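The values are calculated or read from the model by the stated rules, or taken from the named source; none is laboratory data. Note that the structure is a prediction, hence the values are computed from the model and not measured. Glycine also receives a Cβ, built like all others from the backbone with ideal geometry; neighbour counts cover every protein chain displayed.
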Amino acid sequence: MTMKKIIFVFLLFIVTISLYSQKIPHPKNSMLYTEFTAYKSALYLKKPIVSSGYIAMNGLDKFIFKQTKPIVIEVKKRENRMFFKREGMNEIEISGNNDNSDNIAFLFSTNEDDLKKNFKIEQITTNGKQKYTVTPFKPTKVEKIEVIGIDDKIENIKIFFKDKSTILYEFKNTITGTSPNEKYF
Amino acid sequence: MKNIFKPRFIISSIIVAISGIIIGISAPMIKLDTSIQALIPHDEKMQRSLELTQLSPVADKVILFVEVDNAAKLSDIINQIEQMVNKVNFTPKKISFGNFEKILQKLDENQKQILIKSYKKGKHSYTINKLIKEEKNAIDLLFKNVNFTLKSAIPDQNDIFEIMDYASTNSLLLYPYEFLENPFSKEKIKEGFVKKVNYIESSPFFTANEAFFLDPVMMGFSVLKLANSGTSGKYFPQYGGVVSDDKKSYIKVFKANFSPDDYENSEKLYNLNKDIEKFAKKDNFKGFLYSPHLYYSESFKSIQIEIGFIFILSIFLTLLVFYVFFNRISILLYGLVPIIGGFALTFFIIAVFKKSYGGIAFAFGSTTAGIAIDYTVHYLSKLCVYPTLKELRQKIGISMILGYLTTISAFILLIFSNIISLQEIGLFGFLGISFSFLLNWFVLQKIIPPEQYSCHIKKINLPQFGKKSFIVWLVVFAVIIIGALFTKFEDNIRNLDKNHKILDNKIKIIQNKFKESTDSVFLVFTGNTREDMIKKSFLAYKTIYQNNKDLLFLSPSIFMLSEANIKNHKNFIKNNFNQDFFNEELKNSIFTDDTFSLWVENIKNINDLILTKMPDYIAEEIESMFVDLRGQEYLLIHINSRERAKQISNILTKEKVDFFMSDALMDSAKSLVEFEKKALILVFSALIIIFVILLIAYRNPIYSLLAILPPVAALITGFSVAFFTGRGFNIMHLTSSILLLGIAVDYGIFVTTAFKNNYDKEEILATFKSVFVCALTTLAGFGVLSLSSNQAIFSLGTSMFAGVIFALATAYIAIPNLARMIKKG
């Protein structure tokens, strides 16, 4: 039921990456195309649910997260607003200020001070890779997010939810600094 | 100049001035009501339909419609309109108990006191007190602080989450086993698990809550689908509303939370709509508000303007006619005494005793100046013919009293109709004409008696008409009779309201793309308890589901079950749930063995399982469907169109479900025609009564027939006017028939008396002149009504106008010719 809220967190995290390039890896010129494989694990699942798709970004305001398997869903950002669509269903707008308790509005913020107010960001470097741990000060749904990347490329993101479920995103065929093909949007 | 120092001039001026002041004070005290309900004869079924409609949430609906060329623009436009909507605050004249309590909860102690002081508690709601300016400002500010704007009737994201959780958590009890497939078969359980996995796959950021574990086979989703199928799709909203299939149109339904006759707030809504339309025009898209409130507001605004216009124009034209024939300014002043004095006393009595009065009755009342002046005209016409008041009264006193009695008997007849508007017209006419007559008899005749008044009556040579004219009259009468034969009775009450072309067109645009409507059609259930009504509505829902799923409606029984239904469902679960099937399919699924143990536990303890607290949105929606009408509770389910209602009704009647359909428009049709026919018989009865009065007065059946000819001719004309103006014979035509009886019989009496009593030429000319002037002043009054955009007032105006003209022609052409023939024969 709180799927949309979690989408916020994820997407805003992506946005956050782009906004706070000094802290977290940021695609060159805010241009990105990357394919992902996601593993959703939970205590009530015997094995992870695997999905795949791509993320494309052309500037801060043109963004798409598209899951192509096993079910097509997409989350788009346009005109500074977020939309969610599931195959065969109507597109719905995801409101950023829907639930302040999730600190989602703060994540959308372009103000670095606000982000610092609500999230603790830690970074360690091992074997040339940077590992970032992003922890909300007042966690509601998401306990923490781990990001591993090199320079401006993210290798994987793992989101830890309070219900002990996780989603691990592994990225491949990542291209940054080049405008992605329009067909991806 | 000499005249102004004469006592009669001073007294007349004082009376006119005082009358003007009384009108000025009384008129603002009278609250105008422009609803067409007042035009409907009240039989029980019709009254119930109307009252139920007024109490239903449909009466409170405001629909925002947006249509764009480019679907990508839609969300941005909606966002901007939302901001406009949220800026408009309302201070309702009436608030429901529930809303009042909700507002109280938001206020601090001081604000609570302001709210409590400003409203008084009624039987069904709180009503605002009369407030002084400072109090009004304080209460306006209070409602602004609590953000009393239009509230969405479509659930928001949080509401949807709560509803989904409710449906999932209670899926075991809510699932309608009576008509949906058995969810516990092996195939259905397998299918349910697949749906559950699909749900997680399509919601990667989803986190499970308790509701997730209480609905392993997605039974809650089936319940939600049922709820959504009866609406335009409001349980899966987009941008807070509903988007059309082509993604280019959008509607959002709001609740106004004030009544349609709350004109001050309706005006705000009207202005908001204007702003939205302006914005739409500027940005090249289609956008507007649609609401029953706007119908009321439009009628109210136009009738207010028209009443003022009709009042001024009819008095001006009446006095102009008066002046043309009497040619003296001072006579205008004397002539004003009975009219303005009569109006003043009428306004005063209505303001003191009635407070609220129908706009149609008021518009009509404004024109009674044309009738009220008749007695003054008759008096002034004879002022120079007879030397003393005594002689004058001897000669025409009986005709005047007879004319007055026949005229007011028509108005008194209206008071006894069971239509509020006609009663109001009757009362206004009775009071206005009676006061005018009395002021004429006791004041005007004393101020300017013949013995003290130097006559300067303008000589007007009215032509006399011979046999040729009589033949023309006969031909015209024949045409009128043919028209009357083709006249049909009106059966649509809306044809009496203002023609709301723009609003009618708007609802057509909305209904082209969406199911929403504000038609007052309801599927209604009765019972001793809510439990009874819920049970009946569930049976109706089941029957429709099994017969035609396209006709499904939003039934409260989807979310709120009767005890009997719950018992049935528990028995079904006990008899049909197979733990082995479930375990086997669970083992084959992706879920761990204990994932749904809570659900299994609930099944084991099914006897103890109860529904959880309903989400606020659903609870409020269901509460609004229960309507208390005079101590009897009804369950009202809105049906989106008359065609659907008809099909639903056919199915439910065939299956013997206990229900009834309430349709304010259709329910009124039969009664309306019945009433019109009955009332027409009443009019003819009145005609017979008048004939009997004339028989007694004249003691001669031939002269009595002559005298009654103008009202008969006028009556038939009034009837045929409906045909010639392309309308059905309606209540207003009927009203004019009754009035024409009373007015036209005067013409008949005065002219017939002149011939019967062998008046000399001068007296006959004076009689013709007085009848002619009376007819012209009446036409000046009623002719103006024909200019009204309100169809009721228009019908009244046209039939009165045509009726008076033909009554005059009958008195002026037919009676003299017939009288001469009688004398010769």
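So here's what we get for this one:
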quantity	calculated
Qualifying positions in the range B:97-113 - surrounded by 14 or more Cβ atoms within 10 Å (Cβ to Cβ) and farther than 13 Å from B:ASN145 by Cα	B:ASN99, B:PHE100
The range B:627-639, subset more than 10 Å from B:PRO57 (Cα to Cα) and not β-branched (Val, Ile, Thr), residue surrounded by the most Cβ atoms within 10 Å (Cβ to Cβ)	B:LEU635
Qualifying positions in the range B:601-630 - over 51 Å from the mean Cα position of the chain (by Cα) and assigned to a loop (DSSP other than H, G, I, E, B)	B:ASN605
Residue selected from the range A:132-185 under the condition under 15 Å from A:LEU32 (Cα atoms) and basic (Lys, Arg), by the criterion surrounded by the fewest Cβ atoms within 10 Å (Cβ to Cβ)	A:LYS183
Count of the range A:127-151 residues which are touching a residue at least 24 places away in the same chain (Cβ under 8 Å), within 14 Å of chain B (Cβ to nearest Cβ) and assigned to a loop (DSSP other than H, G, I, E, B)	2
Candidate set from the range B:51-74 (those that are among the small types (Gly, Ala, Ser) and within 14 Å of chain A (Cβ to nearest Cβ)); member that is surrounded by the most Cβ atoms within 10 Å (Cβ to Cβ)	B:ALA71
Single unsatisfied condition, A:ILE154 versus (1) within 14 Å of chain B (Cβ to nearest Cβ); (2) in contact (Cβ under 8 Å) with a residue 40 or more places away in the chain	(1)
Residue satisfying condition, being within 14 Å of chain A (Cβ to nearest Cβ), in contact with a helix residue (DSSP H, G or I) (Cβ under 7 Å, 6 or more places away or on another chain) and in a helix (DSSP H, G or I), within set B:LEU598, B:LEU672, B:LEU680, B:LEU687	B:LEU598
Considering residues of the range B:1-36 that are at pLDDT below 70 and surrounded by 20 or more Cβ atoms within 10 Å (Cβ to Cβ) only, the residue nearest to B:PHE348 (Cα to Cα)	B:THR34
Test for B:LYS613: is it without any contact (Cβ under 8 Å) to a residue 12 or more places away in the chain, exposed (fewer than 12 other Cβ atoms within 10 Å of the Cβ) and out of contact with any Lys or Arg (no Cβ under 8 Å at 6 or more places or on another chain)	yes
Flag for B:ALA669 being among the small types (Gly, Ala, Ser), surrounded by 14 or more Cβ atoms within 10 Å (Cβ to Cβ) and out of contact with any Asp or Glu (no Cβ under 7 Å at 6 or more places or on another chain)	no
The range B:355-403: number of residues that are modelled with pLDDT of 80 or more, assigned to a helix (DSSP H, G or I) and β-branched (Val, Ile, Thr)	5
Yes/no for B:SER417 being in contact (Cβ under 8 Å) with a residue 40 or more places away in the chain, assigned to a loop (DSSP other than H, G, I, E, B), under 32 Å from the mean Cα position of the chain (by Cα) and crowded, with 18+ Cβ neighbours inside 10 Å	yes
Scope the range B:420-436; condition modelled with pLDDT under 85 and either among the acidic types (Asp, Glu) or crowded, with 21+ Cβ neighbours inside 10 Å (or both); matching residues	B:SER421, B:LEU422, B:ILE425
Some residue of the range A:37-44 being more than 16 Å from the chain's Cα centre (by Cα), within 13 Å of another protein chain (Cβ to nearest Cβ) and not in a loop (DSSP other than H, G, I, E, B)	yes
Residues of the range A:164-185 classified as of a type outside the set (A, V, I, L, M, F, W, C) and touching a helix residue (DSSP H, G or I) at 6+ places or on another chain (Cβ under 9 Å), total	5
Unmet criterion (only one of (1) within 14 Å of another protein chain (Cβ to nearest Cβ); (2) touching a Lys or Arg at 6+ places or on another chain (Cβ under 9 Å); (3) assigned to a helix (DSSP H, G or I)) for B:TYR295	(1)
Tally of residues being within 7 Å of chain A (Cβ to nearest Cβ) and out of contact with any Leu (no Cβ under 8 Å at 6 or more places or on another chain) across the range B:156-196	3
Qualifying residue in the range B:201-215 (condition: more than 9 Å from every other protein chain (Cβ to nearest Cβ) and of a type in the set (Gly, Ala, Ser))	no
Residues located in the range A:157-185, provided they are within 14 Å of chain B (Cβ to nearest Cβ), within 20 Å of A:LYS76 (Cα to Cα) and part of a loop (DSSP other than H, G, I, E, B)	A:PHE185
B:LEU523 vs. criteria aliphatic (A, V, I, L, M), surrounded by 23 or more Cβ atoms within 10 Å (Cβ to Cβ) and either out of contact with any Ser or Thr (no Cβ under 9 Å at 6 or more places or on another chain) or within 28 Å of B:LYS61 (Cβ to Cβ) (or both)	yes
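For (1) outside any loop (DSSP other than H, G, I, E, B); (2) charged (D, E, K, R); (3) surrounded by 13 or more Cβ atoms within 10 Å (Cβ to Cβ); (4) at pLDDT 90 or above, each residue gets a yes or a no:
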position	(1), (2), (3), (4)
B:GLU451	yes, yes, no, no
B:HIS456	no, no, no, no
B:GLY483	yes, no, yes, yes
B:ARG494	yes, yes, yes, no
